[in-house]
Structures are given as C-alpha cells and as structure tokens.
1. Determine whether ILE639 is more than 25 Å from the chain's Cα centre (by Cα), modelled with pLDDT under 95 and not small (Gly, Ala, Ser).
2. For segment 535-592, give me the residue count where each residue is free of Cβ contacts under 8 Å to residues at least 24 places away in the same chain, of a type in the set (A, V, I, L, M, F, W, C) and not in a loop (DSSP other than H, G, I, E, B).
3. Can you spot a residue in segment 597-607 that is farther than 21 Å from ILE442 by Cβ, surrounded by 23 or more Cβ atoms within 10 Å (Cβ to Cβ) and touching a strand residue (DSSP E or B) at 6+ places or on another chain (Cβ under 7 Å)?
4. What's the number of the only condition in (1) over 23 Å from the mean Cα position of the chain (by Cα); (2) modelled with pLDDT of 85 or more; (3) not β-branched (Val, Ile, Thr) that LYS127 fails to meet?
5. Report whether or not GLU411 is assigned to a helix (DSSP H, G or I), within 24 Å of the chain's Cα centre (by Cα) and surrounded by fewer than 20 Cβ atoms within 10 Å (Cβ to Cβ).
6. Quick check on this structure: which one of THR817, THR822, THR770 is more than 26 Å from LEU574 (Cα to Cα), without any contact (Cβ under 8 Å) to a residue 40 or more places away in the chain and among the β-branched types (Val, Ile, Thr)?
7. Determine which member of the set VAL466, VAL462 is modelled with pLDDT under 85 and crowded, with 16+ Cβ neighbours inside 10 Å.
8. GLU140 passes all but one of (1) under 20 Å from LEU289 (Cα atoms); (2) at pLDDT 75 or above; which number fails?
Amino acid sequence: MEEVLEIVFFIGFLYWFWPNLFTEGASRANKMVDMVTNRMFDAVNRFAPTQRQQNDSLASIGDLKRFVSEQRTRKILAREADIKTRENQLYEIKETIPSIESIKSRPLVGLTCYSCAPISRESLVNKTTKYLGLKNILNEHPALTKRNLLTKTFSHFSQCYQANSFFYTQVADIVLKDDRVKSAIEIATIQQCNGAENNNESYYLQLWGINEKRAKKLLKDMQSTMSDLLLKITSWVLYKLLPCFLSSVVVHSGQIQMLKEAGQNGLPLIFLPLHKSHLDYVMISFILLNNNIRCPLIAAGDNLRMPFFGSLLRGLGAFYIKRRIDPIMGQKDHVYKAILHSYMNAGLRAGHNLEFFLEGGRTRTGKPLMPKYGIFSVILDAFMDGTIEDALLVPVSINYEKLVDGNFIREQLGQPKQMETFGSAMKSIWQVLNSNYGMVRIDFNQPFSLRELVKTFNNGKVQNNVVFNKKLKSHPSATSLYGTDIVSEEHKHLVEKISKHVLYDCARSTSVMSTNAVAFLLMHKFRQGVKLDTLVVALDELRNELVNKQKDMGFSGNSVDVILYAIDILGPTLIKKEKINNETFIKPVVTLPNVIELNYYSNTLVTYYCLEAVVASALTSLDLNLGEIIEDELIEASIDLCNILQYEFVFCKPCQSIESAIMDCIEDLTIFRDVFIIDTTNAFEAERGRRIAEHLFQDDEERTHVLKKLKINNKKETQEYIKFASSLLIPLIESYSIAAFCMDKLIGQSISENELIREILDEMREQLGTGSISYDESVSSDSIKNVFKLFQKWGILESYNENRRRFYYLKQSHDNTASVRTLSGRIDKYRSNFMHLQ
C-alpha cells in the first residue's frame, strides 16, 4: 500500500502544483489521468492482502477516481467557458485589458520583398511559423529548465536567471590599435601642423599626443559596457514595473521563432526599429533576452548620456554617438569618424548584434521620418570591405496605444525641445508609473540578407526606377555622418535604397492600434462629431479593409467596445463623449493645441492610405471634361504631388517605380472602390489603336502613344470617398502652401531658421483665424522644416551656418515676388479644388 499512497500523493501534487499540465487540452488531461489511475489499480491488485482490505482500498480508490473525474470536468468546463467569454467580449469593463488568447489568429506581417530578396523571403518561414499566435510577454515565459516550488513562487526571477547567458566582448582596446584610428590621428596631426607656424618634430609629437588623448576620450564617452548580469537584473525589474502602466507587451510567436533561427547562423543581426519612444530600445532588449536571443549594441544619442541613466544604458548595450556634427568641422574631424567606424566594425567582428534607428530621432508626427544614412553607411562599408561576410537586417515596427513619452505639441508649435536631465527623467518615470498606457505591440519583420539586397541592386535587377530616383534623390543632412562623407560616393545609392526599403517595410507592417483607428476616423470622416452607432459601422468597414490589405490590428472584439476603450485611453482632452437624446455622441477635439496630439495617432493610418490620397488629391486638381480624365494627366499630377511630399512619405518601395505604383493604385481604385468606370468599348478601341500603331511604326524609336481616358463614377459613395481620401493630405498641403507663400519674407535678405519658422507659424495662425486654411493641425513646425529641405533640393532655397545658427536665403534666380507666387501656386492647386468639394 505504500506505492498506492505515493501515487495518491503524486496525483494531489499534480493538481495542486502543476495545473498547467491539465490546461493544455482536454485530451492530454484525460490521457494523463487515465494513465495514473490505471497504474494505481495495478498496484492495488498486486498488494491486496485480504478481501476486506481490498474492498476498502477499492472503495477509497473509487472515491478518488470520482473526485479526479469531477475536478477534471470542472477544469475543462471552466476553461471552455473562459475561452468563449474572451472570444465574445474584448473588454469586460473599460479598465480590462484585451485578452491575447482572443487575438491569436493574426497574419504574419513584415515578410521581406519578393523582388529584392527572394531567397530571404523563402527562408525562416514555414506553415507552422505563419500560424503561430500572439503572446503577451508579461504573462508568458519560455519553459524553465527547473520546475519546483521555488521557481514557481519566484517565476520572474527564475525566468531571468535561467535565460541564456551570452558573453559580450568589450572591444575598446582593439579600437585604439586599429589602423584606421592611427591613420586618422596622423592625418589630423599633419593638418594641424600645416596650419601652424611652428611645425618642427617636437611640435608634431605634441599634437600627436593631444590627438591620441582625444581619441581615448572619445572612445571612453562612446563605448558600451554591456553586461549579461545587468541585462537580467533589469529584465526582472521590468517584469515588476511594466505592468504598472502597460496592460500587455504583445509579439508574434512566429516572428520570435524566425529570430531564433536567424540567430543560429553566425551572422550579426542588425535591428532597425522605427523610433517612437525612449522605451523602444528597452522593450526590444527585454523581449530578446527573455526569448534567449543575443541582445544588441544600441546606437544612442549623446543627449542620453546623463548621470545614472547614462551608465545604466551603457550596461544595457548603449554606445553614444553625436546627434549633430558641425557641417564644416565634421568634414575635418577624422578622429571621431574613425573611432565610430572602428568601434562598430570591432563589435561586428566580435559577434555583437547591432541596433540603431534609421530615423535618427523620435517621430513628432506619428509618421515615419525620412531615414538618416550615417550609421547604416558604416554597416554597408563593413560589408563592402570584407569586415563581415554578411548581415541579416531586421526591420522592427513598434506601436503604442498611448505614447509613453507624452506628446510633442510644444515642439510642433515652434518651441525648442527640452533637453533630457536626470530630474526630468525621474519626474517622467514617476508620472508614467501612475498612468495607463494600454498595450504595446512589437513586430519583428522577416530578417533578410544584406548581401542579397546589395547584389540585387548592383546587378540591375531593379533598374526601372532610375529616372524617378534621380528626380526624388534625397538631400542628406549636412549635420549627419552621411552628409560629412563617412561613406564613399559609390555606395551612397545603396545606402539610400536599402534604408528607404527598410523604412517602407516598417511603416507597412506597423500594427494598427485601437487609438489609431478611432483617431483616424474621427479626424478625417467625422470631424464635426458622430453618433456612436455610426462610428461603429465605420470602424467595422475599416477593419474589413485592413484585413483585405493584409494589415494586422492590435485589437479585437466588438467595435463598440474597441471605440469606448480607445476613447478612455486617449482621454477627454482629445475625444469628448456625451449623451444627447439618450444617444451617445462622440466628438474629436480638432482645435489647437490638442488636435496635434490626436493627429499623431491618426497618422499611422494616413501612411497606409497615402498613395490613394495622392491620386484622389491629384484628381481634384484637374479639370474634368464630361466626367472623364486622361490617365496620363492623372499620373503626371500624382507624380508631381509625390515630388512635393517626398519628405513626408515613402510612397513605394525602391524596387518599384512610382509610375507603376500609381498605375496599380488607379487599378485598385477602379476594382475595389468603383472610382473609375471600366468602359469596355473604349478599352477595346484603345487596344486596337495601340496594335495598329505598333504595326505601322514598329521600326520607329518613338511609337504613337494612345491616350487612355478614365471615366469618374458619379455615385454619391464615390464622391464621398474622393473627398475623404483627399482630406488625408490637405493639412500637409496647407502647411506647404503657406510656407511657400511666406518665402517672400526672404526676398533680398537672409533670416535665421528659428525666426523664419516662427514667422510662418504666425502666418498660419492668422490664416486659420480668417478661415483661409481649414485644418488646425496644419500649424506644424515639422512640416515647415520639410518644406525647407524640399526647396533646397529644388534649388530655390540656400542656407549657411553662422555662430551655430542656420540662415536661409533665396537663390538669385528666385529672389523675386513672381517666382515666390509661382511656387506657391504650384502647391496650392492641390487644395483649392478640394475646398469646393466641402
């Protein structure tokens, strides 16, 4: 009977201390219980000394079996009821967080481009990977190697302690011995000697010592002190702190599985996340550590090198770089560039993964910023010179239901950025810990080979957009590493194409949060307010569209619950909810300054629809003849508008021409939106004419081009959609138009950047008051700065630096009123006709 008692104790132990074994599925639980009870019966039969003892034993075992069966049934029924409840209702009350179990069925977003990286596209992904579900990192942990009472009681500590340990090599000593650094010190010393009167050998050695000392100081300020122990301790702290202000941190299990497999091939992983919050790099390292993936070295701005937090971030992998480099002195600062270049190369050779933000700083508008090329150019250079055999690029999309960093209203209204300090950091942390910011969603795109992408672009497999790329070629910042010639000219086109491809991929794979969807609808469909029932219908339609576009959403459940939850997260300063005649009425706050923050959340979806918005805006700018338009004219106007807004969006992948992207968009608007009516008769005649022209002029270099006409559908729904799609870009077009109008302030003089921005913002506020512009969110310093970049690229505006201030002036050929009016008219035409639609 001792064996029987041991088995009974074992069953009790399983039920009380290991319940997870019985919650993975009814079939598994049944098999486990049946196996244990059968073994128990066998033991009883072997050790039954008397009939009475046997009967007593069987009776007790029968009771135990009934108890086991009842408990098992209760658990199964409870689990099924819980699943059913989660599937039917997203939120029990407004504070309830969305159940990750109810949003497991999700598309695997972020797969790499078939055109650019077909081999990478087929790697790391299988049917199992695609159908792995979402999980909340705060609740789900990888299996512990040891399971006992201690590890279950201190599960978070056990999880962090038992995570894989990695040795993070310190490479500072290697950097100072690198030939690149020694050569830079020599060049800097020679340049200083040539500019001095006393240039004898002793003076040369003195300058050499000064430059060598400076190199050590630069390296000390830059270097990371990454520690596996500190990473684990911080991870445990985050397990305790993150639930204080976040409901969940959600990742796709299939994406994590791809990263694990990619990390086993010996190539460095280069994580390239969009930058929305200071929490971004902490969250990425937290997720990687707790999934046993090597954490990366992180390029951080030197503004974060503050007391305590600076040292903490160093230990978590941060290495500090200058955010801005003087455009003149930066060209000559060979030592700093060599230190940075050699430090990153040494890290890659030592097996470190890397992480940096292509955008440079955090987005202030909710839209991805145009990429900065400096750090990525170092990675490409390391590949080109053979320092690394290859690298796997991992675009990362991060989205927050509510931004932890607060809002950027002050900066958008022209006030200077407040620099981070220890005191401000502590105050922000305290405020965050006592607030609710909802869910965070992190999407790791499919890793793709840098070698494959470089080979694709260099072999001319994607040459169909050469003309357009020259037309819209980026104008690098003079204060970036890229603008100060850290990479050779021959590689710059690769840096730009790959960077924009990554940015495009990140923007398209960003999951839509509930706050994004609700803000988008209220800002662009229901600015004057709407009944809750009408908003629910609109959200249902939007969700269906996103599903058809293979976009993922960071929410599920009934739309009414999603809307009420989003309104609660955003708060009454952004969205007002009131009862009118027993009906709930929702109204966005669309006046300054609050509208700027609401527009931030809306812009995630504006990025999805930007090309449709371009075509709709171009359509409203053209004269329609009997409801028809020539397709070529529409394409040309759309390209022109893309040219104007080239610093706001990446409209298409670098492996695709903008013309073909617009034609695809027109086709989609015809098929799915009924914007254009397909005239089969005209189409047949046009095709017949094209064939006749090809036959007659087949030997001519220029063949006759048959014009194709598009007939616009005059349905009410179509007109409403054109008005809606056009409205997405009107705030930007208004900003650009007013900024162009204000260029007359530069006629015959130069003005500092800050003063010019201030004058343009004042003009915007004045025109907003008179009704000349319609959207309060048009008042944006971010758009004005992009206008300056655009006009410099167009050769209209020029700048120079003086006493650390930037001044702008008009080029001589444009330094007149007529030229300024022509410029303003070119932009203004895309909003003037829209005003008549309202």
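1. Taking the combined requirement at face value, the residue does not satisfy it.
2. 4
3. The answer is yes; a qualifying residue exists.
4. (2)
5. Criteria met by GLU411.
6. The unique qualifying residue is THR822.
7. VAL462
8. Tallying (1) under 20 Å from LEU289 (Cα atoms); (2) at pLDDT 75 or above, GLU140 fails exactly one: (2).
The values are calculated or read from the model by the stated rules, or taken from the named source; none is laboratory data. Since this is a predicted model, take the numbers as computed values, not measurements. Heads up, the Cβs are rebuilt from the backbone with ideal geometry, glycines too, and the neighbour counts pull from every protein chain shown.
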